[in-house]
Amino acid sequence: MAQAQRITPRAQEFSEWYNDVIMQAELADYSPVRGCMVIRPLGYRIWELMQRALDDMFAATGHRNAYFPVFIPMSFLAKEAEHVEGFAKEVALVTHTRLKATGKAGAGAVAVDPSSALEEPLVVRPTSETIIYAMFAKWIRSYRDLPLLLNQWCNVVRWELRTRLFLRTTEFLWQEGHTAHATEQEAEAEARLILGIYRRFAEEWMAMPVLTGVKTESEKFAGALRTYAIEALMQDNKALQSGTSHHLGQNFAKAFGVQYQTAAGGLEHVWSTSWGVSTRLIGGLIMTHSDDHGLIAPPKLAPVQAVIVPIWKTDQERSQASGVGDQVKGALGKAGIRVELDLRDNVKPGAKYFEWEAKGVPLRLEIGPRDLAAGQAMVARRTGGKSPVKLDGIAAAVTKALEETQAALFAAAQQRREEHSLRGATKQQFLEFMKGPGGFVYGGFCGGGACEAAIKAETGATVRVLPDPEFRSKEQPKTCVWCGKPSVPEAVWAQAY
Ligand SMILES: [Zn+2]
């Protein structure tokens, strides 16, 4: 009981709620290092399930995993001008390689050994374009070496001042894809292919609907020709950029001398892409689905999909209920369902319910003496509702309930997003909408940086994407929502994480 009360209601203070959900579910914790988090086993399991699904999709489209060093020579960052501009303010540097004992006591017992200063400091990777292109320059010789399609699962460090668990931390986990192609069209197709994979993953696995589109010049990745993104709307009506795919043009190829011999014998720079999603997705998952009782995990990414809680008073009842619980566990496990059997003696059933609810388990199977007599279990859904299910053939019923939950979560999130989307907005409506509950605003945009900056200053909203055709309004706006000049594309604005 006390556990559920430790979660601040969403309506009261969303960011407190978010932290409480993470703490109660034991997904992550603050670490002794400011800005860095510890991902606890349940949170890490979600990440592993995400990794597995994404990795299969990358492999199925011809990408292979590799690993590059965590350290990058500082001079590498200077080679691509825009890139250095984008990352210079948040890099961690290694300048020395040794400590020495001082003979003093306490914190002063060790000090930096000045004689160990590195000739060239090393940057702890904020992203790996530079070191990967240095290697591409060595590996790519001819058109026969293309396309080169690599991915890396790793950690990166960006020195953040204001951090939030999963959403913005100094060190985080991610994957970064890096590809090289012979032509601009192939690189464009690759950037688009990955955007589609990210969208499919967000929608089919996370049950998180996303908008896809291209970023404006001011929001694109430092050093990219253009950046595509998936954008989701959280329950507080702020947008979460959940994945990006960049067409890098020939910028990095020129900076790092990545050239290939064409079939005709000429020499050309490669066209490249880079793309990534991170542990930020876990924050997106939490803020899309969870409620005031704690985490709601979409079944496909739930570390535990069903928990069996036998209920007993006497020893005989305990032995019966746990025996049947064990059989059910076996049947569900055989059907590929991730299942736990909670036989703890020292925790009451009600407390177990609260705990598993806080941890986001989609289904709870209660088996008490009356259920045993009726040959059934009571199946309670994390999203609400409880009904008896016959023990005979229970695996099929549980599988179906998980599929229904997955679909219902997606439908609910999509409905919420559409209810908090304003199309064809006037300037006045835009201002009121952003002062109120907020959400996605669709409107005409002149494409001008001045309007973009003015809107940001006045409303806190940024252009999330210039949406792909599928997401555009039926009636395309003719004038810029802000300045009234002709609209070049339709844009989607929101306040964002
Ligand atoms: Zn304008």
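Averaging sequence separations of C-alpha pairs under 8 Å and six or more residues apart, then dividing by the length of the chain, give the relative contact order as a whole percent.
Working: 997 pairs, mean separation 70.2, N = 497.
So the answer I get is 14 percent.
So which aspartates and glutamates pass the test for residue 254, namely a Cα distance under 18 Å, with those fewer than 8 places away in the same chain ruled out?
Of all the aspartates and glutamates, those that pass the test against residue 254 - Cα under 18 Å, at least 8 places apart if same chain - are 80, 82, 85, 129, 145, 184, 186, 188, 268.
If you restrict to DSSP beta bridges whose two residues both lie in the chain, what percentage is antiparallel, to the nearest 5? The partial results should precede the final answer.
Working: 72 of 86 bridges.
Percentage antiparallel, nearest 5: 85.
Kindly identify the range 19-114 as rounded, prolate or oblate by the Cα gyration tensor criterion: order the square roots of the eigenvalues as a ≥ b ≥ c, call it rounded if a/c is under 1.5, otherwise compare a/b with b/c, prolate if a/b is larger, else oblate. Walk me through the numbers on the way to the answer.
Working: a/c = 2.28, a/b = 1.26, b/c = 1.81.
Oblate, since a/c reaches 1.5 and b/c is not below a/b.
Could you tell me which residue out of 94, 15, 66 lies farthest along the dipole of the chain toward its positive end? Charges go on the beta carbon: Lys and Arg +1, Asp and Glu -1, centred on the Cα centre.
Toward the positive end, the furthest listed residue is 15.
Let me spell out the model: positive unit charges on the Cβ of Lys and Arg, negative unit charges on the Cβ of Asp and Glu, origin at the Cα centre of the chain. What dipole size does that give, in debye rounded to 20? Can you show the working numbers first?
Working: 57 positive and 55 negative charges, 86 e Å.
Once rounded to the nearest 20, the dipole reads 420 debye.
Looking at 49, 307, 463, which one has the Cα that reaches farthest to the positive end of the dipole of the chain (charges on Cβ: Lys, Arg +1; Asp, Glu -1)?
The residue sitting farthest along the positive end of the dipole is 307.
Could you work out the relative contact order of the range 1-130? I mean the mean sequence separation of Cα pairs under 8 Å and 6+ apart, divided by the number of residues, in percent.
Details: 121 pairs, mean separation 22.4, N = 130.
Normalised by residue count, the contact order of the range 1-130 is 17 percent.
Select from the range 38-137 those chymotrypsin sites (Phe, Trp or Tyr not before Pro) which occupy a DSSP coil region and have at most 12 other Cβ atoms within 10 Å, ordered by residue number. Walk me through the intermediate numbers first.
Values: sites: 44, 47, 58, 67, 71, 76, 87, 133, 136; in loops: 67.
Here the sparse-neighbourhood loop sites are 67.
So what is the 222 nm mean residue ellipticity for the chain from helices alone, if each DSSP H run of at least 4 adds -39500 (n - 2.57) and you divide by all residues, rounding to the nearest 500 deg cm²/dmol? Working shown, then result.
Working: 15 runs with 173 residues, N = 497.
Result for the chain, helices only: -10500 deg cm²/dmol.
Which pairs in the list 313/334; 220/359; 334/386 are over 27 Å apart, alpha-carbon to alpha-carbon?
Working: 313/334 30 Å; 220/359 36 Å; 334/386 24 Å.
The pairs that break the limit, which is 27 Å between Cα atoms, are 313/334; 220/359.
To the nearest 20 debye, what charge dipole does the range 72-201 have about its Cα centre, counting +1 at the Cβ of each Lys and Arg and -1 at the Cβ of each Asp and Glu?
Numbers: 16 positive and 16 negative charges, 112 e Å.
In total the dipole reaches around 540 debye.
Which of the aspartates and glutamates could a cross-linker span from residue 400 if the Cα-Cα distance has to be under 15 Å and same-chain partners fewer than 8 positions apart are dropped?
392
Which is farthest toward the positive dipole end of the chain among 492, 111, 77, measuring Cα position about the Cα centre, with Cβ charges +1 (Lys, Arg) and -1 (Asp, Glu)?
Checked the options; the winner is 111.
Could you state the number of Å between the C-alpha centres of the range 359-432 and the range 24-44?
Spelled out, the Cα-based centre of one part sits 27 Å from the other.
Taking 1 over the mean of 1/r across every pair of different Cα atoms in the chain, what Kirkwood radius in Å do you get?
Details: mean 1/r = 0.0396 Å⁻¹.
Its Kirkwood hydrodynamic radius stands at 25.3 Å.
For the chain, take the longest principal axis of its alpha carbons; what is the angle in degrees between that and the long axis of helix 315-334, to the nearest 10 within 0 to 90?
Once rounded, the angle reads 40 degrees.
Computed from the coordinates by the stated procedures, all read-outs in this text should not be read as laboratory data. Since this is a predicted model, take the numbers as computed values, not measurements. Note that each Cβ is placed from the backbone with ideal geometry, even for glycine, and that neighbours are counted across all protein chains shown.
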